[in-house]
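J.: Just passing along the structure, written as structure tokens.
The values are calculated or read from the model by the stated rules, or taken from the named source; none is laboratory data. Remember, it's a predicted structure, so these values are computed and weren't measured experimentally. No Cβ is skipped: glycine too gets one built from the backbone with ideal geometry, and neighbour counts run over all protein chains shown. We work out accessible area using only protein heavy atoms, side chains counted, and drop any ligands, DNA or RNA first. Shrake-Rupley method; radii C 1.70, N 1.55, O 1.52, S 1.80 Å.
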Amino acid sequence: QPAYAGALQARFKYGHFRAQVVGLIRNLEYILQNVPSLDPFVALPEAGTNATPEYFVAGTFDYYFEKAHLMPFITGGVQFPATYETTSPKSVQVVRDATRRDRLPIGYDAVPVYQLRVGVQWDLSDFFALLGNFQYVRDENLTRLMIDSSGERQTNYEFEDPNAFGFTILARARF
């Protein structure tokens, strides 16, 4: 089966202001090309299944304040994850990469994943900078197996908390 992926990037700069937009697409065959298939001995069967590709688009805006040597930025993105759906019985899996998958509870379809990142770069010299950012991700496709009161795993899935927060502090040197 053919596998495909593609990406486009557009940049704009005016003075110290920069803007960038990035988009990509990867079909399920491309994501799973180096791993065993979802169905044993078959790449992706056509009867009774439906596969959707992953779409992703993000935009970044930043401005460099020359006297302060600071560049604050904001990035926002939305991802429509790749899915694999069986029709009998109906089951939807969100395929994130070759090894990470989330099976959604029966009756639910995949929803977009949203991300927002804000940060700043502080140039301490021509070759050394400190970077810091804060990130928020809302992913309502995260699931886990249910566990009953005795500690046994069930065959049903439940949703996890869709909100994730993170931060990064990074020192960078250019030689």
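J.: So for Glu54, Glu152, Glu140, Glu29, what's the accessible-area order with a 1.4 Å probe, most first?
T.: Numbers: Glu54 15, Glu152 110, Glu140 85, Glu29 50 Å².
Largest accessible area first, the residues go Glu152, Glu140, Glu29, Glu54.
J.: How big is the C-alpha Rg of the range 133-175 next to the rule-of-thumb value 2.2 N^0.38 Å, as a ratio?
T.: On the way: Rg = 17.7 Å, N = 43, 2.2 N^0.38 = 9.2 Å.
Against the compact-globule rule of thumb, the ratio is 1.93.
J.: For Leu116, Leu28, Leu142, give me the order by solvent-accessible area with a 1.4 Å probe, most accessible first, ignoring ligands, DNA and RNA. It would help to have the intermediate numbers written out before the result.
T.: Values: Leu116 80, Leu28 0, Leu142 50 Å².
Sorted descending by solvent-accessible area, the residues read Leu116, Leu142, Leu28.
J.: Two decimals is fine: what is log10 I(q)/I(0) at q = 0.17 Å⁻¹ for the range 85-133, from a Debye sum with one equal scatterer on every Cα and no solvent?
T.: -0.66
J.: Taking 35 Å as R0, compute the FRET efficiency from the Cβ-Cβ separation of Ala3 and Leu116 and round it to 0.05. Each step should come with its number before you reach the end.
T.: On the way: r = 31 Å, r/R0 = 0.88.
Efficiency, rounded to the nearest 0.05: 0.70.
J.: Now for a separate question. Work out the charge dipole of the chain with +1 on the Cβ of Lys and Arg and -1 on the Cβ of Asp and Glu about the Cα centre, then indicate which of Pro72, Ile169, Asn156 is farthest towards its positive end.
T.: The residue sitting farthest along the positive end of the dipole is Pro72.
J.: Also: Of Ala51, Phe134, Trp122, which is farthest along the charge dipole of the chain in the positive direction, counting Lys and Arg as +1 and Asp and Glu as -1 at C-beta?
T.: Trp122
J.: Given the whole protein assembly as supplied and a 1.4 Å probe, what does the accessible area of Arg18 come to in Å², nearest 10?
T.: Answer for Arg18: close to 100 Å² accessible.
J.: Okay, moving on. Working only with C-alpha atoms, what are the Rg and Dmax values of the chain, expressed in angstrom?
T.: Rg and Dmax of the chain, Cα atoms, are 20.7, 63 Å.
J.: Ok, one more. Taking the Cα centre of the chain as the origin, how large is its charge dipole in debye, to the nearest 20, when only Lys and Arg (+1) and Asp and Glu (-1) carry charge on their Cβ atoms? Walk me through the intermediate numbers first.
T.: Values: 16 positive and 19 negative charges, 138 e Å.
Its charge dipole is roughly 660 debye.
J.: Now, a different point. Return a whole-number percent for the relative contact order of the chain, with Cα pairs under 8 Å and 6 or more residues apart as the contact set.
T.: Working: 400 pairs, mean separation 26.8, N = 175.
With pairs under 8 Å counted, the relative contact order is 15 percent.
J.: Quote the accessible area belonging to Ser88 in square angstrom, nearest 10, computed with a 1.4 Å probe and with ligands, DNA and RNA left uncounted.
T.: Its accessible surface works out to 110 Å², give or take rounding.
J.: Shifting gears a bit: Among Lys90, Lys13, what's the order by accessible area (1.4 angstrom probe), most exposed first? Each step should come with its number before you reach the end.
T.: Details: Lys90 85, Lys13 140 Å².
Sorted by accessible area, descending: Lys13, Lys90.
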